[in-house]
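> This is the structure I have questions about; it appears just below.
Please treat every number below as a calculation from the coordinates, not as lab data. This one's a predicted model, so the numbers in the text were calculated from it and none came from an experiment. All Cβ positions, even for glycine, are placed from backbone atoms using ideal geometry, and neighbour counts span all protein chains on display.
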Amino acid sequence: MDALRPYERLPEEVEHEGRTYRLDLSYAAFFAAADALQDERLAPALRLETALGILVREPAPELSVGLLEAILRLVRDDKRPKPAGPKTMDLTQDWDYICAAFQQAYGINLYADKSIHILRFLALLRAIPKDTKLAEIISIRAAEIPAPNKYNQKQIAELTRLKALYALRGDGDSLQEGWAKLFRMLEARAKHG
């Protein structure tokens, strides 16, 4: 999807094969659909059916990989530059910090308000101010340990301790690469469903 212009509304429907579908693109619905598509306990067709059942407000006429792909195109941003360096945030592992940052920075209680559009959620997440604990943790994860000298032993020890304390589990992709992988995975799972 191209960047929205200031006068445009966030997408709430998608057109597919001549029919318009009203969507639930809240961040909660989007993440639930992603979880359904990744759930290895479900048969592939049931994963697709579940994901579409979460995202499409009215019943789809049939299971449609194309419909899921059209929905994903609404929220994917391939034009955003990919950050360099290791992954510094994980939506699952850092969820409490994300919720705290949204509350602190925007007065938004993510535990209570699950209706925020996924595009708005992502825009706000990318703009989290530096005075939040989440931004501090991201900064620690991104910081390089300086070359040792006779003056910085304590600094290195403290940064090493903090990096270990806030280390991410999993692969080393950046946040944007993680989103790109999620969209590719969703599309691949939908195609094989």
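> Calculate the dipole size of the range 95-170 relative to its Cα centre from +1 charges on Lys and Arg beta carbons and -1 charges on Asp and Glu beta carbons; express the result in debye to the nearest 20.
Values: 11 positive and 6 negative charges, 40 e Å.
For the range 95-170, the charge dipole is close to 200 debye.
> In addition: Along each of its three principal axes, how wide is the spread of alpha-carbon positions in the range 47-138, in whole angstrom units, largest first?
Sorted from largest, the Cα extents of the range 47-138 read 48, 33, 20 Å.
> Treating the beta-carbon of each Lys and Arg as +1 and of each Asp and Glu as -1, no other charges, what is the dipole magnitude of the range 14-109 about its Cα centre, to the nearest 20 debye?
320
> Report the equivalent ellipsoid semi-axes for the range 1-102 in whole Å, largest first, defined as the square roots of five times the eigenvalues of the gyration tensor built from alpha carbon atoms.
25, 20, 13
> In whole angstrom, and with the biggest value first, how far do the Cα coordinates of the range 95-170 range along each principal axis?
52, 24, 18
> Neighbour counts of other C-beta atoms within 10 Å: give me Arg47, Arg76 arranged from fewest to most. Before the final figure, lay out each step's value.
Working: Arg47 23, Arg76 18.
Listed from fewest to most nearby Cβ atoms, that is Arg76, Arg47.
> With labels modelled as points extended 7 Å from the Cα through the Cβ direction, what inter-label distance (nm, one decimal) is found for Ala70 paired with Asp96?
4.2
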